[in-house]
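The values are calculated or read from the model by the stated rules, or taken from the named source; none is laboratory data. This structure is a prediction, so every number in the text was calculated from the model and none was measured. Heads up, the Cβs are rebuilt from the backbone with ideal geometry, glycines too, and the neighbour counts pull from every protein chain shown.
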Amino acid sequence: MSTTQPPSNPGAAAAAPRTAAAPAGGSAAHASDPRVSDAAVAGLAPAYVRAIAPYQAGKPIGELAREYGIDERTIVKLASNENPLGMPESARLAMMAAVGDLARYPDSNGFDLKAAIARRYGVAQAWLTLGNGSNDILELAAHAMLQPGLSAVYAQYSFAVYALATQETGARAIVVPARDHGHDLRAMRAAIVPDTRLVFVANPNNPTGTFLPPAEVEAFVADVPPHVVVVLDEAYNEYLEPELRADSAQWVRKYPNLIVSRTFSKAYGLAGLRVGFGIAQPALTDLLNRVRQPFNVNSMAQAAAVAALGDDAFLARSYAMNRAGLDLLQSEFEKLGLPYVKSYGNFVLVRVGDARAVNESLLRAGVIVRPVANYGLPEWLRVTVGLPEENRRFLAALKHALGRV
Ligand SMILES: Cc1ncc(COP(=O)(O)O)c(C=O)c1O
């Protein structure tokens with residue numbers, strides 16, 4: 001059935017440094033105070049904090065340029081599920097208009113953005129929590145609900161932040177084996193124990209791109225005991241075909257233990273600004289806001305998100321470009337005989353065999369994708385859908401790496 005405490009979190013670098021033992025010397029003394037060694041400082045934190053291995057982000061373009069001596073302008077980055085169209089022009093204009101007010105703190109309650117989201121999703125503002133990216137919403141949920149002695153349930157191969165958010169509270173992780181690279185909801189329900197307070201469900205999931213039909217997700221939420229909060233992470237929702245999109249904002253009316261989380265980082269093209277939001281009933285929203293930093297979403301981000309939310313034309317372009325790119329990548333993988341997981345997001349997980357070597361060859365060709373060995377998928381790479389010419393660059397470099405030219 002389920003496993004318990006994971007050996008490390010899947011977002012972590014495989015060989016990330018870890019501080020095993022506490023005090024009593026060993027490492028170098030602090031430069032400014034010879035009585036304080038690094039090990040002693042590390043020992044000040046709880047063991048569960050010391051056991052955290054840092055999140056491994058996609059390789060920045062500048063880093064590849066420096067390391068491999070490649071001209072930045074020629075590098076293609078398909079590693080972080082960002083929007084290849086860039087940010088919407090409407091959001092850029094809104095930010096320029098907001099610049100004049102930067103000496104002031106942002107609206108802590110995010111009135112204008114909440115009003116726009118509330119209108120869009122047919123919920124009251126009191127049901128909304130704004131986040132510094134939806135990552136923040138995941139962390140707020142963990143901080144509000146978890147502590148040592150409690151547990152959180154999530155799926156193998158699911159988004160790395162679920163492990164991090166759980167571990168940083170000292171709670172126990174119950175990692176449920178995946179089925180066909182996706183969530184096994186029946187097993188996840190069975191894995192819930194009396195001390196469980198949180199379940200994370202990603203739909204679609206990252207890094208696998210798998211999708212659960214809305215009816216199955218709602219049946220799962222309905223079946224979860226009331227002492228457990230479900231975080232339904234829908235970061236890639238806008239990339240789904242319209243008929244597959246769940247009416248999850250309305251599910252929140254029925255389920256007081258449900259948080260739906262969404263982001264402006266993907267289809268809305270604002271990853272660098274860090275804006276996301278959670279929808280939940282007021283009692284749960286109140287808990288999230290108790291652990292939220294007062295000014296967690298800056299004023300430029302709030303202004304840009306309001307504009308992006310109203311920019312249906314940009315969203316439609318993002319969607320259309322992604323569908324065409326997904327079709328291209330998946331059909332080319334088929335022609336190459338490479339197994340891949342059918343994707344419902346803006347990226348595809350593809351099995352290339354010696355992923356380290358293939359990745360190295362791609363980097364030399366100036367193409368950055370995401371190795372996923374840290375998720376326990378050492379033969380796979382995750383590639384984000386790019387602009388048409390970026391997809392072609394990637395495919396050419398991949399064929400070269402595989403000796404298939
Ligand atoms: C499934 C999933 N959830 C949440 C996030 C967090 O995104 P952000 O914090 O940019 O909203 C990501 C980012 O890649 C993701 O893949």
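For the residues 130, 85, 93, the requirement of being touching a residue at least 12 places away in the same chain (Cβ under 8 Å) and in a strand (DSSP E or B) singles out 130. Across the stretch 141-181, what is the number of residues that are charged (D, E, K, R) and within 11 Å of residue 197 (Cα to Cα)? Matching residues across the stretch 141-181 total 1.
Just one of the listed residues (349, 377, 326, 338) is out of contact with any helix residue (DSSP H, G or I) (no Cβ under 6 Å at 6 or more places or on another chain), in a helix (DSSP H, G or I) and under 20 Å from residue 181 (Cβ atoms), namely 326. Annotation: residue 11 fulfils all but one of (1) within 16 Å of the ligand (Cβ to nearest atom); (2) at pLDDT 60 or above; the unmet one is (2).
Looking only at residues in the stretch 266-293 that are of a type outside the set (A, V, I, L, M) and part of a loop (DSSP other than H, G, I, E, B), the one that is surrounded by the fewest Cβ atoms within 10 Å (Cβ to Cβ) is 293.
With respect to the conditions (1) crowded, with 22+ Cβ neighbours inside 10 Å; (2) in contact (Cβ under 8 Å) with a residue 40 or more places away in the chain, residue 160 lacks only one, and its number is (1). Tell me yes or no: at least one residue of the stretch 125-134 is more than 23 Å from the chain's Cα centre (by Cα), closer than 30 Å to residue 366 by Cα and modelled with pLDDT of 95 or more. Taking every residue of the stretch 125-134 in turn, none turns out to be more than 23 Å from the chain's Cα centre (by Cα), closer than 30 Å to residue 366 by Cα and modelled with pLDDT of 95 or more. Would you confirm whether or not the stretch 342-355 contains a residue that is within 16 Å of the ligand (Cβ to nearest atom), touching a residue at least 12 places away in the same chain (Cβ under 8 Å), among the aliphatic types (A, V, I, L, M) and surrounded by 14 or more Cβ atoms within 10 Å (Cβ to Cβ)? Within the stretch 342-355 (the criterion being within 16 Å of the ligand (Cβ to nearest atom), touching a residue at least 12 places away in the same chain (Cβ under 8 Å), among the aliphatic types (A, V, I, L, M) and surrounded by 14 or more Cβ atoms within 10 Å (Cβ to Cβ)), the answer is yes, since at least one residue qualifies. Of the residues making up the stretch 195-205, just one is surrounded by fewer than 24 Cβ atoms within 10 Å (Cβ to Cβ) and either within 9 Å of the ligand (Cβ to nearest atom) or without any contact (Cβ under 8 Å) to a residue 24 or more places away in the chain (or both), namely 204.
Filtered by the rule that a residue be touching a residue at least 12 places away in the same chain (Cβ under 8 Å) and surrounded by fewer than 15 Cβ atoms within 10 Å (Cβ to Cβ), the stretch 294-322 gives 294, 295.
In the stretch 72-82, the qualifying residues are those that are over 30 Å from residue 310 (Cα atoms) and touching a residue at least 60 places away in the same chain (Cβ under 8 Å), and the one that is surrounded by the most Cβ atoms within 10 Å (Cβ to Cβ) is 75.
Can you confirm whether residue 262 is of a type in the set (Lys, Arg), touching a residue at least 24 places away in the same chain (Cβ under 8 Å), crowded, with 19+ Cβ neighbours inside 10 Å and in a loop (DSSP other than H, G, I, E, B)? When the stated conditions are applied, residue 262 does not pass them.
Is it the case that residue 318 is within 16 Å of the ligand (Cβ to nearest atom) and assigned to a helix (DSSP H, G or I)?
It is true that residue 318 is within 16 Å of the ligand (Cβ to nearest atom) and assigned to a helix (DSSP H, G or I).
Set side by side, the residues 219, 187 differ, and just one is surrounded by fewer than 19 Cβ atoms within 10 Å (Cβ to Cβ), away from the ligand (no atom under 16 Å from the Cβ) and closer than 25 Å to residue 372 by Cβ, which is 187. For the stretch 250-259, residues that are crowded, with 19+ Cβ neighbours inside 10 Å and touching a residue at least 40 places away in the same chain (Cβ under 8 Å) total 2. Within the stretch 326-335, does at least one residue satisfy the condition of being crowded, with 22+ Cβ neighbours inside 10 Å and out of contact with any His (no Cβ under 9 Å at 6 or more places or on another chain)? Within the stretch 326-335 (the criterion being crowded, with 22+ Cβ neighbours inside 10 Å and out of contact with any His (no Cβ under 9 Å at 6 or more places or on another chain)), the answer is yes, since at least one residue qualifies.
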